[in-house]
Amino acid sequence: MDIQSVIILLLLLAVIFFLYKSRNKKRASSPPPQTFQRPRSVSNVGDQLYFVENGVFKKHKLMNKEEFYLFRKIELFLQKNYSGYRVFPQVAMGVYLRSDDAQAHSSVNSKRADFVIISKFGEPCVVVEYHGGGHYKANAASRDAVKKEACRKAGIRYMEIEANYKDDDINAIGRYLAQAAAA
């Protein structure tokens, strides 16, 4: 091959290389095709993960001071007088109440009981609603009526304890547990 053929071949390769590079550069710089993205929704589990991954969380006390003090009083009362009974704070009602009626269940599912006392067999027997300083907001009476009725229908005692409670209010829990055990 003579020198002239080599030069032509090199020029041809250079042109091919230049065309290849410019073609790939156009592909890389062109925007990706537009795709439709549906709006995110908390009812979609995948979206929930997205929201949680992109959200900011910090821990928060489970109970305020007043609630914690009452919790400890109930807890100590049960330990002393009703071995095996336990008290749990801030329990979602959907955990211990069931209904075949989806609307009825949805009406209580995310509502919280301040305290739930369970028997030594793990059955809920008393719901205690504490009416402390933060209780009376907006529709508290309506929320309480829903909770009270759901508990009544499920056979769970619903007790309300006011902020200025006395030891006798705690003892009332014991009187109910004694009656229930005797029945």
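Here are the numbers for this structure:
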quantity: Pairs with Cβ under 9 Å, 6+ apart, first in segment 59-80 and part of a helix (DSSP H, G or I), second among the hydroxyl-bearing types (Ser, Thr, Tyr); calculated: GLU66/TYR130; GLU67/TYR130; LEU70/TYR130; LEU70/TYR165; PHE71/TYR130; LYS73/TYR165; LEU78/TYR85; GLN79/TYR85
quantity: Failed item, numbered, when ASP47 is tested on (1) closer than 23 Å to ASN164 by Cα; (2) of a type outside the set (Ser, Thr, Tyr); (3) surrounded by 13 or more Cβ atoms within 10 Å (Cβ to Cβ); calculated: (1)
quantity: The one condition in (1) surrounded by 15 or more Cβ atoms within 10 Å (Cβ to Cβ); (2) part of a helix (DSSP H, G or I) that PRO89 fails to fulfil; calculated: (2)
quantity: Answer residue from segment 157-181, given it is surrounded by 15 or more Cβ atoms within 10 Å (Cβ to Cβ) and of a type in the set (D, E, K, R) and is nearest to LYS80 (Cα to Cα) among those; calculated: ASP169
quantity: The lone exception for ASN44 - which of (1) more than 20 Å from PHE115 (Cα to Cα); (2) over 20 Å from the mean Cα position of the chain (by Cα) it fails; calculated: (2)
quantity: Some residue of segment 115-127 being surrounded by fewer than 15 Cβ atoms within 10 Å (Cβ to Cβ), of a type outside the set (A, V, I, L, M) and under 13 Å from ARG157 (Cα atoms); calculated: yes
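None of the figures in this text is laboratory data; all of them are computed from the coordinates on show. Remember, predicted model here, so these are calculated numbers, not experimental data. Cβ coordinates were reconstructed from backbone atoms using ideal geometry, including for glycine residues, and neighbour counts include every protein chain displayed.
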